[in-house]
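All remarks here apply to the structure that follows.
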Amino acid sequence: MGHLGARLAHIAPGRVHIVLPGRPEVTQQHGYFHAGATSAIADSAGGYAAFTLFPENTSVLTVEYKINLLAPAEGDHIEAVGTVVRSGRTLTVCQLEVFAVEDARRTLVATGQQTLIRVNGNGNGDRV
């Protein structure tokens, strides 16, 4: 996320928002936010949302996710919202939404769903 220039904007149990400011490095040939950047912050927002509900000494990995790009993502920034739909003992399912923001106007530009797995350990290969 640091490489993209994204930042956490909101953290609550089961819900996380990530904001990505617009700049040439995250846009494509027509000036819209690139689908890769859009998908990356959506994936991370869902992962962090799931992680907020996990016990200590665990980590999270994405098992799968699907993104539907609904409209060109243009604006000052984009904001991904990850919301936990169901948090299970092993698997968690999240709803993903990405909005393009220009002044006060928010436009839904992508939606998706994600499945994540809870991993015992700290995420660095160390099992607890």
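Normalised by the number of residues in the chain, what is the relative contact order in percent for Cα pairs under 8 Å and 6+ residues apart?
That works out to 26 percent.
Put +1 on the Cβ of each Lys and Arg and -1 on the Cβ of each Asp and Glu in region 63-124; which of G75, I117, V101 then has its Cα farthest toward the positive end of the dipole?
Highest projection toward the positive end goes to I117.
How much length, in nm to one decimal, is gained on full extension between V85 and R106, taken as 0.36 nm per residue of separation minus their Cα-Cα distance?
5.3 nm
Rounded if a/c is under 1.5, else prolate if a/b beats b/c, else oblate: with a ≥ b ≥ c from the C-alpha gyration tensor eigenvalues square-rooted, which is region 1-74?
prolate
Let me know the charge dipole size of the chain about its Cα centre in debye, to the nearest 20, where only the beta-carbon of Lys, Arg (+1) and Asp, Glu (-1) is charged.
420
How fast does the chain diffuse by Stokes-Einstein, in µm²/s, taking the Kirkwood radius from C-alpha pairs at 37 °C and 0.692 mPa s?
This corresponds to a translational diffusion coefficient of 223 µm²/s.
Could you tally the net charge around G46, taking each other residue with its Cβ under 15 Å from the Cβ of G46, Lys/Arg +1 and Asp/Glu -1?
Value of the local net charge: 0.
Quick one: accessible area per residue over the chain, 1.4 Å probe, rounded to a whole number of Å²?
Using a 1.4 Å probe on heavy atoms only, each residue of the chain averages 56 Å².
Would you look at the GNM of the chain, springs on alpha carbons closer than 10 Å, and say which of V84, V63, V98 moves the most?
V63
Could you work out which residue, out of Q113, Q29, Q95, moves most in a Gaussian network model of the chain, that is, has the largest mean-square fluctuation with Cα springs under 10 Å?
Q29
Under 15 Å from the Cβ of L20, count the other residues' Cβ atoms, weight Lys and Arg +1, Asp and Glu -1, and hand me the total.
-4
With the chain treated as a Gaussian network of Cα nodes joined by springs under 10 Å, which of A37, A100, A12 yields the largest mean-square fluctuation?
Top of the fluctuation ranking is A12.
Whole Å is fine, so just give me how far the alpha carbon centre of region 72-97 lies from that of region 18-71.
8
I want to check the label-to-label distance for F54 and A71. Put each point 7 Å from Cα in the C-beta direction and report it in nm to one decimal.
In this crude spin-label approximation the distance works out to 3.4 nm.
If I compute solvent accessible area with a 1.4 Å probe over the protein chains, what percent of it on region 34-100 is carbon and sulfur?
After summing per-atom areas, the C and S share lands at 51 percent.
Which length gain, in nm to one decimal place, applies between Q95 and M1 when the Cα-Cα distance is subtracted from 0.36 nm times their residue separation?
Here the segment from Q95 to M1 would lengthen by 31.9 nm.
Is the shape of region 54-120 best called rounded, prolate or oblate, per the rule: a/c under 1.5 gives rounded, else a/b larger than b/c gives prolate, else oblate, with a ≥ b ≥ c the square roots of the Cα gyration tensor eigenvalues?
Here region 54-120 falls in the prolate category.
The values are calculated or read from the model by the stated rules, or taken from the named source; none is laboratory data. For clarity, every value in this text was computed on a predicted model and none was experimentally measured. Backbone-built Cβ (ideal geometry, glycine too); neighbour counts: all protein chains shown. These area figures cover heavy atoms from the full protein model, side chains too; ligands, DNA and RNA do not enter into them. Shrake-Rupley method; radii C 1.70, N 1.55, O 1.52, S 1.80 Å.
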